[in-house]
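**Q** Next up is a structure, given as structure tokens.
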Amino acid sequence: MRFTYKAIGQGGKTVIGDLEAETKNAAISALTRQGMRPIAVHAGGSQAKGKKKNGGFGKKVKNRELVIFTRQLSTMVSAGVALPRAMNTLGTQAESKYFKTVISSIAHDIESGMPLGDAFGKYPNVFSDVYVNMVRAGEAGGILDEILKRVAAQTEKDATIRKKIKGAMTYPTVILSITVIAFFGIMIGVIPKIGKILKDLGGPNAHLPVYTQALLNLSNFCISSSVIHHIPLLGSVPVINHIPNLFFILAVAGIGFIYLIKYIRTPKGKYKFHALLLRIPILKDIIIKIAVSRFSRTFASLTSAGVSVLDALQVTGGAIGNKVIEAELKEAAVQVRNGRPLSEPLANSKNFPPIISQMLAVGEETGEIDTVLVKVAEFYDEEVDTVIESLSSIIEPLMIIVLGSLVGLIAASVMGPIASLSQNVGKN
């Protein structure tokens, strides 16, 4: 049972949190052992839920601070320091006030008997799914110190990858944003005037090319207004009489984007989103290479520590970071449970490259799966770096083609009819 408490901690500070205990008296005893004087203890974990909910909005921990925390925790675990003591020590060294609160709460949860991975899982805005599942893998295999080192290295590598992708996408994003703004600016300020010129030259019944007429219709739609007589929630009171269609579209798009983000955060939505990412050509290669590297390293670490293949598959699937590939590993685990070697179901995988099943088969024959998979992970780490470095050189020409096509379309839609109508006027 979870209890919410308010107590006086060391230094006379008031501490609010929650913990797991069988009874209220057991919760009070646990707080007393931690050197705190309970003021109020109530059944229910509302405080923890509130922390988790509130922590997801605007409260983040810098990647550098998270890496330092992970490396220091790994060192202390390797040295045999108890987890509660290690967490309390690291909490005093944290730079961020919010991170100090998170570490303190995690320390209390650990002292109450909660596994470290579950305690981290309460703060998804600080510890990612991959981070949490890798910690759970370390706890399951008894190699928490080694896994924490690997998590720190993986966190640094993920940050480097994000930085490279962000750098590669900065130029296209800026160009695309300017293009969209300029396009709607032309639709609102320039095309209506050009449409007037075309009508003056050719008359109201002038025959225009299809693409020119489509451009004029789009411009008219953007600048025209929709009349709203009332809003149903407010009865028949006319709140807004006219809304430009462009603003209405932007508002609907914004609301739709918010609901899309909420849907993606659901299990079903996350699965479909991850499946969509695996259909995007360049992004698919990056995601698969990162997933293969994580799978190889984590699975190798667990099997080398004596964890069974089934348990290793279950934990490794959650550490990959893609629900579609995780589902494939779950299906593979079912076949392994039925007596088939892991290399066989992965050979039929839609996402794992053939080299993985081939290398696994070699490892199964020689009994050195961990050694083989570590080499595979190193190979794919280099592949990820190569793909990301070439990303900008691939995107820039594509952006030039898109911009050139857009400019050409507008030019053809405007200048062609003007030249044609001008010739007709001259003949008359």
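**Q** In segment 42-61, is there at least one residue being within 22 Å of Tyr123 (Cα to Cα), in contact with a Ser or Thr (Cβ under 7 Å, 6 or more places away or on another chain), at pLDDT 75 or above and in a loop (DSSP other than H, G, I, E, B)?
**A** yes
**Q** Here's another thing I want to ask about it. Answer with yes or no whether Asn338 is under 24 Å from Leu277 (Cα atoms), exposed (fewer than 15 other Cβ atoms within 10 Å of the Cβ) and either without any contact (Cβ under 8 Å) to a residue 24 or more places away in the chain or more than 24 Å from the chain's Cα centre (by Cα) (or both). Full working, then the answer.
**A** Working: under 24 Å from Leu277 (Cα atoms): no; exposed (fewer than 15 other Cβ atoms within 10 Å of the Cβ): yes; either without any contact (Cβ under 8 Å) to a residue 24 or more places away in the chain or more than 24 Å from the chain's Cα centre (by Cα) (or both): yes.
For Asn338, the condition - under 24 Å from Leu277 (Cα atoms), exposed (fewer than 15 other Cβ atoms within 10 Å of the Cβ) and either without any contact (Cβ under 8 Å) to a residue 24 or more places away in the chain or more than 24 Å from the chain's Cα centre (by Cα) (or both) - is not met.
**Q** Within segment 214-245, work out how many residues are at pLDDT below 70 and among the hydrophobic types (A, V, I, L, M, F, W, C). Steps first, answer last, please.
**A** Restricting attention to segment 214-245, the residues satisfying the condition of being at pLDDT below 70 are 225-244.
Subsequent filtering for residues that are among the hydrophobic types (A, V, I, L, M, F, W, C) retains 227-228, 231, 233-234, 237, 239-240, 243.
So the answer is 9.
**Q** Residues Asp200, Asp285: which one is of a type outside the set (A, V, I, L, M, F, W, C), at pLDDT 80 or above and either surrounded by 10 or more Cβ atoms within 10 Å (Cβ to Cβ) or outside any helix (DSSP H, G or I) (or both)?
**A** Asp285
**Q** Shifting gears a bit: For the list (1) modelled with pLDDT of 80 or more; (2) surrounded by 19 or more Cβ atoms within 10 Å (Cβ to Cβ); (3) in contact with a Phe, Trp or Tyr (Cβ under 8 Å, 6 or more places away or on another chain), I need the number of the one condition that Ser343 fails.
**A** Evaluating Ser343 over (1) modelled with pLDDT of 80 or more; (2) surrounded by 19 or more Cβ atoms within 10 Å (Cβ to Cβ); (3) in contact with a Phe, Trp or Tyr (Cβ under 8 Å, 6 or more places away or on another chain) leaves (3) as the failure.
The values are calculated or read from the model by the stated rules, or taken from the named source; none is laboratory data. Note that the structure is predicted; figures quoted are calculated from it, not measured. All Cβ positions, glycine included, derive from the backbone under ideal geometry; neighbour counts span all protein chains shown.
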